[in-house]
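Structure, as C-alpha cells:
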Amino acid sequence: MAQITAYRTSQCIRVLVELGIPALLAQDARSVEDLAQATGTQPGLLDRLLNHLVNEEVIGKNDEGRYIALPITRHLVPGHPQSLNNWVACELDPLLWRSWENLTEQLRSGTTAFDLAHGSAFFERHAQDSAAQKRFDDQMNGASRGIGAVVVQSMQFDPGTKLTDVGGGNGSFLAQTLEKNPGTEGILFELPRSAEDFDPLFEEMRLQGRASVINGSFFESVPGGADVYLFSRVFHDFNDEAATVILKNTKRALAGNERLLLIDMMVNDAQAGARGSSQDIFMLTQLGGRERTAEEFSSLLAKSGFETLSVTPTASPVSILEFRPAV
C-alpha cells in the first residue's frame with residue numbers, strides 16, 4: 001500500500017523546501033555538486049534524496065545529469081502565485097508531525113494529540129515560539145489570500161456597510177472584501193498582535209480610515225455595531241462546545257438585523273472520501289476541531305438560536321453559509 005510509505009516522500013519534499021532547492025532549480029539546471037555547495041550538504045547524500053524526488057516527479061533530471069525544475073517544482077518556490085512553500089514548511093515541520101504519534105491516545109482519552117505531544121494547546125504553544133508562529137501565519141496568510149480572492153467575488157455589500165471580521169487573523173480577508181466593495185468599512189476583531197503582523201493591504205486600509213482593529217477574544221465577547229459579521233475559517237478550529245460559546249457571544253452582540261456569513265469548507269459526500277476527511281483528521285489531531293457538512297453547521301447554529309438562510313458554493317474549497325437569529 002503506497003499510503004504507508006507516502007510519508008517518506010513528504011519528508012523529502014520538506015527537506016527540499018527547507019534547503020531552498022526549488023528556487024535554485026527555477027533559476028537554472030544544477031549539478032548535485034552545485035546544489036550541495038549552495039546548501040551546505042554532502043553531495044552523495046543529497047543525490048540520493050534528489051534522485052527519489054526525480055522518481056516521484058517532484059523535480060527532473062536532464063540528459064547531462066543535472067537536476068531541473070518541472071512545472072510542479074515551481075509551486076515550491078517562495079513568491080510563486082500558487083506557491084505551496086509555506087504549507088510544506090508548516091504542515092511537515094516536526095512541531096506538527098509529533099502530534100500524530102499521540103493519535104491513539106487521543107482516541108482513548110479525548111485529549112487533542114497536539115496537546116499530548118507538547119503539553120499545551122496549538123495556539124498557546126505557537127504564541128511561545130516565534131519561528132513556529134511565523135510558519136503558521138505565513139501558511140494561513142497565503143491560503144487566506146488565495147481563497148479570499150475567489151470568495152470575495154461572491155460577496156457584495158452596499159457602500160456604507162460596516163463589516164466585522166471575527167477572528168480575522170492579520171486582516172487579509174477583510175482587506176480583500178473591502179477592496180472588492182468600495183465605500184464599505186471594516187473592523188478586525190482579533191487577539192492582540194504587533195502592527196508588523198498585519199497584511200499590507202489591511203494596513204493600507206487602516207491608513208485610509210476604512211479599517212480598524214478591536215482586540216479581544218470571541219470566547220469572552222464579540223463587539224456589536226456592525227451590519228455584517230464574517231466568520232472566515234473560524235469554526236473548523238474548534239469542537240462543537242467551543243463553537244457554541246462563540247455563537248452565543250455573537251448573538252448577545254446583535255441588534256437583530258445584521259447579516260452573518262460563515263465561510264468554511266462544507267464537507268459533502270464527494271469530499272468525505274478525500275480532501276474533506278483528510279482535512280478533518282488534521283483538525284482533530286492538531287486543534288481538536290473538525291470539518292462539517294452544511295447540515296452539521298446548520299444543526300450547530302440551530303442549537304445556539306440561529307437559522308441557516310443559504311449556502312453558496314464558490315470556486316475555492318470553501319462555501320458561504322448565511323445565517324441569522326431564529327425568528
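Taken together, the values in this text are just the output of simple stated rules run on the coordinates, not laboratory data. Computed from a predicted structure; not experimentally measured. Neighbour counts are summed over all protein chains in view; Cβ atoms, including those assigned to glycine, are modelled from backbone coordinates with ideal geometry.
What the table shows:
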quantity	calculated
Phi-based couplings in Hz for the range 105-115 (Karplus 6.51, -1.76, 1.60; Gly and Pro marked x)	5, 5, 4, 7, 9, x, 6, 4, 4, 4, 4
Listed residues Ala149, Ala36, Ala113, most fluctuating in the chain (Gaussian network, C-alpha, under 10 Å)	Ala36
Those lysines that a straight Cα-Cα span of less than 28 Å connects to Lys180, excepting residues fewer than 8 apart in one chain	Lys134, Lys162, Lys251
Size descriptor, Kirkwood hydrodynamic radius, that averages inverse alpha-carbon separations across the range 147-325, Å	16.5
Eligible lysines near Lys248 by straight Cα distance, threshold 16 Å, same-chain separation 8 or greater	Lys303
For the chain, size of Cβ-based charge dipole, Lys and Arg +1, Asp and Glu -1, in debye	280
Value of [θ]222 nm, deg cm²/dmol, for the chain, DSSP H segments ≥ 4, -39500 (n - 2.57) each, nearest 500	-14000 deg cm²/dmol
All Cα pairs of the range 1-46, percent lying beyond 12 Å	65
Candidates Leu46, Leu95, Leu178: whichever shows maximal mean-square fluctuation once the chain is modelled as a Gaussian network with Cα springs under 10 Å	Leu46
Square roots of 5 times each gyration tensor eigenvalue, C-alpha, the range 78-221, largest first, Å	32, 18, 14
For the range 181-193, Karplus couplings with θ = phi - 60° (6.51, -1.76, 1.60), whole Hz, Gly/Pro x	10, x, x, 8, 10, x, 10, 9, 9, 7, 4, x, 8
Debye intensity ratio in log₁₀ form over the Cα atoms of the chain, taken at each q of 0.10 Å⁻¹	-0.67
